[in-house]
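**Q** Mind having a look at this structure? Questions to follow.
Nothing in this text is a laboratory measurement; each read-out follows from the coordinates by a stated rule. Just so we're clear, the structure is a prediction, and the values are computed from it rather than from any experiment. Here the Cβ is made from the backbone with ideal geometry for all residues, glycine too, and neighbour counts use every protein chain on show.
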Amino acid sequence: MQTNFQGKIITREDMLKAMKVFDDEHRNSFPEKRWVTYAIKHEERRYPPKETFRIAADTDDVPPGGPSVNNHFEKLGFEVIRLKPSGTDSTETIETEEAIETSLSLESDLEMFLIAHLTELEAGLRRYQENGSSGQQISVEAAGRIDVLAIDKDNALVVIEIKAGEANDGVCGQILRYMGWVKARLAGDRSVRGIVVANEFSERLHLAAKVMPNVILKKYEVSFNFKSV
């Protein structure tokens, strides 16, 4: 079974992989209010249609929620369930969805800025551009997707994970998986370390980072500049 989105073929296996990524990386922090109308039911678990589809299609340019997304899951044999009656969408739900979209957009903007200013994050840091890779949004198969991969002044590979807002301790398993993949597939005899970039860090993450010497936390701050257009 397969479905087509913007010329890209998406299979049932692609969706199952996306569900695993959601379970591993997003479920603990994903607001329930973000998917109160529909859900995809699979093996007694529920998944948010739009976010799961976003992961599977590997793009932020996904249709609005509802039938335009649900139809793709139905083509692949998944069960779509309605969580509340039609016409009960609240202003609070809409505002929450808008906040999530803003967060995703901010992460993308931060990533683009970071790619162009790696030395501001750390002196001597440069983008990984080997084996045909751009060093940005690198697919690591079932493990997920690396935001940025760089090389430091000592030729070590550096996995950079970006979080808009606060990062919690769930990022530990995420970045360690990425680092493990890089060590196995790309590093050779080079060392691998990680950097988590966020605006805030939970206390649990601070505690976990104390026993991960090859992972450091870097806080970003936002400033605004204005110009006439």
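**Q** Starting from the Cα gyration tensor of region 150-229, take the square roots of the eigenvalues, sort them a ≥ b ≥ c, and report rounded, prolate or oblate (rounded when a/c is under 1.5, otherwise prolate if a/b is larger than b/c, else oblate). Kindly include the intermediate steps, with their values, before the conclusion.
**A** Values: a/c = 2.56, a/b = 1.41, b/c = 1.81.
The shape class here is oblate.
**Q** Taking other Cβ within 10 Å of each residue's Cβ, how do D169, D189, D61 sort, fewest first?
**A** Result, fewest neighbours first: D189, D61, D169.
**Q** Quick one: which residues, 5 or more positions from I216 or on another chain, have an amide H under 5 Å from its amide H? H modelled 1.01 Å from N in the peptide plane, none for Pro or chain starts.
**A** HN-HN under 5 Å from I216: G194, I195, V196.
**Q** Please compare each pair in K20/K50; K50/K218; K17/K50; K8/K163 to a cut-off of 22 Å on the Cα-Cα distance and tell me which ones are over it.
**A** K50/K218; K8/K163
**Q** Let me spell out the model: positive unit charges on the Cβ of Lys and Arg, negative unit charges on the Cβ of Asp and Glu, origin at the Cα centre of region 106-219. What dipole size does that give, in debye rounded to 20?
**A** 340
**Q** When a/c reaches 1.5 or more, the comparison of a/b and b/c decides; with that in mind, is region 103-214 rounded, prolate or oblate per its Cα gyration tensor?
**A** It comes out rounded by the Cα gyration axes.
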